[in-house]
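**Q** I'd like to ask you about the structure that follows.
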Amino acid sequence: MHSLTWLWLSALVLLSWGALGVLQKMATNHITPQTAMVWAAAGFMLLQPILFPSGLVFDYSAANLGWALLNGIFNGLGFLSLMAAMHKGGKASIVEPLSAALYPVLFVLLAPVLLRETLKPTQALGIVCAITSAILLSAERQSG
Amino acid sequence: MQFISAFGFLLVALVPVVSRKVQFNKDLRANGCALISGVLLGLGGIALFGAYRYGENASVVTAATSLYPFVTVIFAVTFLREKPNKFQLIGLFFAATAILLLSL
């Protein structure tokens with residue numbers, strides 16, 4: 001029964017977040033990123049009741065609540081930055097893959113320091129590919 | 001915890017409102033696009049949690065779903081008529097490779 005459920009849900013993630021980038025671009029072509037952020041937050045909050053925790057929110061420790069809140073703040077800042085990049089003329093087809101390729105680099109580089117994890121060879125290769133992609137994706141003027 | 005996290009997202013949206021940097025206008029299409037983008041952000045997050053719950057291999061789910069920017073590329077080329085140049089096309093290949101390698 002559940003064997004393919006994860007696949008359908010993964011496809012829904014791909015479609016939702018994939019379409020998201022195009023909608024951000026369509027919005028910020030006409031309104032400021034700050035205004036778009038307010039509307040996006042309103043839309044984002046519409047689905048949140050589904051995720052209302054079954055237990056009491058205050059059953060969680062203050063530290064866990066703080067980390068979750070901080071996670072949302074960084075998520076919001078990332079969302080706003082993406083829209084600002086598109087508002088300044090960045091193409092959705094470039095800005096989205098560029099940010100998606102580069103942000104894990106920071107995580108992979110910080111993980112050995114903050115979480116005492118070791119860098120795997122595949123991750124090192126991934127960093128090289130991410131930096132190469134960043135250089136190539138930003139080649140807007142060189143070949144028009 | 002995603003429920004709590006949403007309030008952090010909301011906080012970022014409230015800063016420009018408080019500092020009066022938000023200019024509401026009657027552009028229904030642009031405002032609607034922004035609103036739906038927020039809905040899709042939440043929907044994708046809920047679907048991702050579900051995929052992790054029902055999937056047997058978390059790394060497969062992570063690798064598969066991390067390729068969402070390439071759906072954006074397909075949509076942007078189709079609906080916005082964006083045309084990445086040849087360097088950017090090679091860059092997209094490297095970006096896909098990087099995303100897959102970093103998600104393993």
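**Q** Is it fair to say A:A130 is among the hydrophobic types (A, V, I, L, M, F, W, C), surrounded by 20 or more Cβ atoms within 10 Å (Cβ to Cβ) and touching a Lys or Arg at 6+ places or on another chain (Cβ under 9 Å)?
**A** Answer is no for this residue.
**Q** What about A:S61, is it surrounded by fewer than 22 Cβ atoms within 10 Å (Cβ to Cβ), farther than 29 Å from B:E56 by Cβ, modelled with pLDDT under 90 and polar (S, T, N, Q)?
**A** In short, yes.
**Q** A follow-up question, please. Please specify each residue of the stretch A:21-42 satisfying the condition of being over 13 Å from B:A30 (Cα atoms) and buried (at least 21 other Cβ atoms within 10 Å of the Cβ).
**A** A:G21, A:A41
**Q** Which members of the stretch A:1-20 meet the condition of being surrounded by 15 or more Cβ atoms within 10 Å (Cβ to Cβ) and more than 7 Å from every other protein chain (Cβ to nearest Cβ)?
**A** Within the stretch A:1-20, A:L7, A:A11 meet the criteria.
**Q** For the stretch B:27-65, name all the residues that are facing another protein chain (nearest Cβ under 7 Å) and small (G, A, S).
**A** Passing the criteria: B:A30, B:A34, B:S37, B:G38, B:G42, B:G44, B:A47, B:G50, B:A51, B:G55, B:A64.
**Q** Could you give every pair whose Cβ atoms fall below 9 Å, whose first residue belongs to the stretch B:15-41 and is free of Cβ contacts under 8 Å to residues at least 60 places away in the same chain and farther than 13 Å from A:A42 by Cα, and whose second residue is in a helix (DSSP H, G or I) and hydroxyl-bearing (S, T, Y), counting only separations of at least 6 or pairs across chains?
**A** Hits for this filter: B:P16/A:T35; B:K21/A:T35; B:V22/A:T35; B:Q23/A:T35; B:F24/A:T35; B:N25/A:T35; B:A30/A:T28; B:A30/A:T35.
**Q** Considering the stretch A:70-96 alone, what residues qualify as being more than 16 Å from the chain's Cα centre (by Cα) and in a helix (DSSP H, G or I)?
**A** Of everything in the stretch A:70-96, just one residue is more than 16 Å from the chain's Cα centre (by Cα) and in a helix (DSSP H, G or I), namely A:H87.
**Q** If you take the residues in the stretch B:1-21 that are touching a helix residue (DSSP H, G or I) at 6+ places or on another chain (Cβ under 9 Å) and β-branched (V, I, T), which one is farthest from A:M26 (Cα to Cα)?
**A** Here the answer is B:I4.
**Q** Moving on. Of B:F70, B:F87, B:F79, B:F24, which residue is closer than 14 Å to A:M26 by Cα and either at pLDDT 90 or above or facing chain A (nearest Cβ under 7 Å) (or both)?
**A** B:F79
**Q** If A:Y60 meets every condition in (1) in contact (Cβ under 8 Å) with a residue 24 or more places away in the chain; (2) at the interface with chain B (Cβ under 10 Å from one of its Cβ atoms); (3) out of contact with any Phe, Trp or Tyr (no Cβ under 8 Å at 6 or more places or on another chain) apart from one, which number is that one?
**A** That leaves (1) as the condition not met.
**Q** Is it the case that some residue within the stretch A:69-77 is closer than 30 Å to B:R29 by Cβ, facing chain B (nearest Cβ under 8 Å) and touching a residue at least 12 places away in the same chain (Cβ under 8 Å)?
**A** Checked the stretch A:69-77: at least one residue is closer than 30 Å to B:R29 by Cβ, facing chain B (nearest Cβ under 8 Å) and touching a residue at least 12 places away in the same chain (Cβ under 8 Å).
**Q** Ok, one more. Tell me, yes or no, whether the stretch A:81-95 has at least one residue that is surrounded by 23 or more Cβ atoms within 10 Å (Cβ to Cβ), touching a Lys or Arg at 6+ places or on another chain (Cβ under 9 Å), of a type in the set (S, T, Y) and modelled with pLDDT of 85 or more.
**A** Yes, that holds for at least one residue.
The values are calculated or read from the model by the stated rules, or taken from the named source; none is laboratory data. Since the structure is predicted, the reported quantities are computational estimates derived from the model, not experimental observations. No Cβ is skipped: glycine too gets one built from the backbone with ideal geometry, and neighbour counts run over all protein chains shown.
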